[in-house]
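Engineer: My structure is below; once you've seen it, I'll send some questions.
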Amino acid sequence: MKCSAPPETPVKYVEAVVWLPYHYVAGDYRAVYLRALKDKKILGSRCDVTKKVFVPPVINSPESFAPCSELVQVSDQGRITTFCIVNIPVIGRNLELPYVAASVLLDGADIPIFALIQECRTEDVHMGMRVEAVWKPDGQRQGDHEDILYFRPSQSSSSGEWPRPI
Amino acid sequence: MRLGDMVIEPMTQRQVMEFPYKHSTGPIVGRFLAALKEQRQIWGQRVSGGAVIVPPQGYSEWDGSAGTEWVPVEDQGVVVAVAKVWQPVERLHPFPEPFAYVLVRLEGADTALLHVVKTDFDHVRIGSRVRAEWLPDGERRGSIWDIREFRLLPAA
């Protein structure tokens, strides 16, 4: 078949999938931190110099650069420092809109973690609000980040001194 | 508890990061690919100075001027460069088994097209004559893989 020109209608695109297989190594601190979640414990590490507690635990303080050689346990309750009301669905996250994503400063920690807030109207969320972790039931926790389902307004007051030695 | 006091089992996890891009071909490469599918024909484009560019880019790599007329070229030509892949990396390379990347200067063209030789790839070398092995009608989708591979031709 002889043609005088290529087809007038072009192909519009080609598929070019980038596929990157990783073998992620948690490292000592992240391994201990994740395994502790199975026992409903949230761990941090304490800076040798400033005594600040970082969650999840880090080997060195990003502030003083000193080692954080002590692991401690922080509370599963804390305070919202800042938050965001999400109105746009995110691929891979099947949550009813709108929902609240918040920074939560756990009791005993000096740096907030990022958390999902549920069981609460979005308009009731405010800075300084007390929240508590809702854990997966016993026997279902795997030692990963999914072990904490979300945070909700605190239903009990936090007891005792934080952080605690482990 | 201090880090030095603990015996910690290593923890690892396999993860795959995937980006399902659709690469826009544009009007020139788009028509080149459409011709592979519908005409089973490889087209080049003439640029200023008279050279025929395959695959066409829509412009001249020498002076940036716009491409002009479409020119049909043969589906056979000469290998001008070879890279043999003995240990393909999963999904980074197009096939799990060893093959050769080749630059083929097709008859009628002045530049070389990147493709592969699979059959007898260990015999391919610069100067080898090769011919396109097309997918049959109905299986071509408007992709460079409408040409399954280039096959070695017997030396003239």
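The values are calculated or read from the model by the stated rules, or taken from the named source; none is laboratory data. No experiment lies behind these values; they were computed from the predicted model shown. In this analysis, Cβ positions are derived from the backbone assuming ideal geometry, glycine residues included, and neighbour counts consider all displayed protein chains.
Engineer: If only one of B:V54, B:V73, B:V29, B:V47 is at negative phi and either surrounded by fewer than 15 Cβ atoms within 10 Å (Cβ to Cβ) or more than 14 Å from chain A (Cβ to nearest Cβ) (or both), which one is it?
Structural biologist: After applying the criteria, what remains is B:V47.
Engineer: Could you say whether any residue in the range A:22-43 is surrounded by 13 or more Cβ atoms within 10 Å (Cβ to Cβ), more than 28 Å from A:G139 (Cα to Cα) and either over 19 Å from the mean Cα position of the chain (by Cα) or within 14 Å of chain B (Cβ to nearest Cβ) (or both)?
Structural biologist: No: zero hits.
Engineer: B:I42 versus (1) under 19 Å from the mean Cα position of the chain (by Cα); (2) under 15 Å from A:P10 (Cβ atoms): which is the lone unmet condition?
Structural biologist: Every listed condition holds for B:I42 apart from (2).
Engineer: Does B:V73 count as closer than 25 Å to A:P10 by Cβ, modelled with pLDDT of 95 or more and aliphatic (A, V, I, L, M)?
Structural biologist: yes
Engineer: Could you please let me know if B:L36 is out of contact with any Phe, Trp or Tyr (no Cβ under 7 Å at 6 or more places or on another chain), under 30 Å from A:P21 (Cα atoms), outside any loop (DSSP other than H, G, I, E, B) and not charged (D, E, K, R)? Walk me through how you get there before you give the answer.
Structural biologist: Working: out of contact with any Phe, Trp or Tyr (no Cβ under 7 Å at 6 or more places or on another chain): yes; under 30 Å from A:P21 (Cα atoms): no; outside any loop (DSSP other than H, G, I, E, B): yes; not charged (D, E, K, R): yes.
So B:L36 fails the test.
Engineer: Could I ask something else about it? Select the strands (runs of 3 or more DSSP E) contained entirely in the range A:66-166, then report the ones holding at least 1 residues which are within 14 Å of chain B (Cβ to nearest Cβ).
Structural biologist: Ranges flagged: A:70-74.
Engineer: Further question: Of all the residues that make up the range B:113-156, how many are assigned to a loop (DSSP other than H, G, I, E, B), hydrophobic (A, V, I, L, M, F, W, C) and under 23 Å from A:K12 (Cα atoms)?
Structural biologist: Within the range B:113-156, residues that are assigned to a loop (DSSP other than H, G, I, E, B), hydrophobic (A, V, I, L, M, F, W, C) and under 23 Å from A:K12 (Cα atoms) number 1.
Engineer: Would a scan of the range B:4-19 turn up a residue that is over 20 Å from A:S4 (Cβ atoms), modelled with pLDDT under 90, in contact with a Ser or Thr (Cβ under 9 Å, 6 or more places away or on another chain) and not in a loop (DSSP other than H, G, I, E, B)?
Structural biologist: Yes: one or more hits.
Engineer: Could I ask something else about it? Is it the case that some residue within the range A:38-49 is touching a helix residue (DSSP H, G or I) at 6+ places or on another chain (Cβ under 9 Å), modelled with pLDDT under 95 and part of a loop (DSSP other than H, G, I, E, B)?
Structural biologist: no
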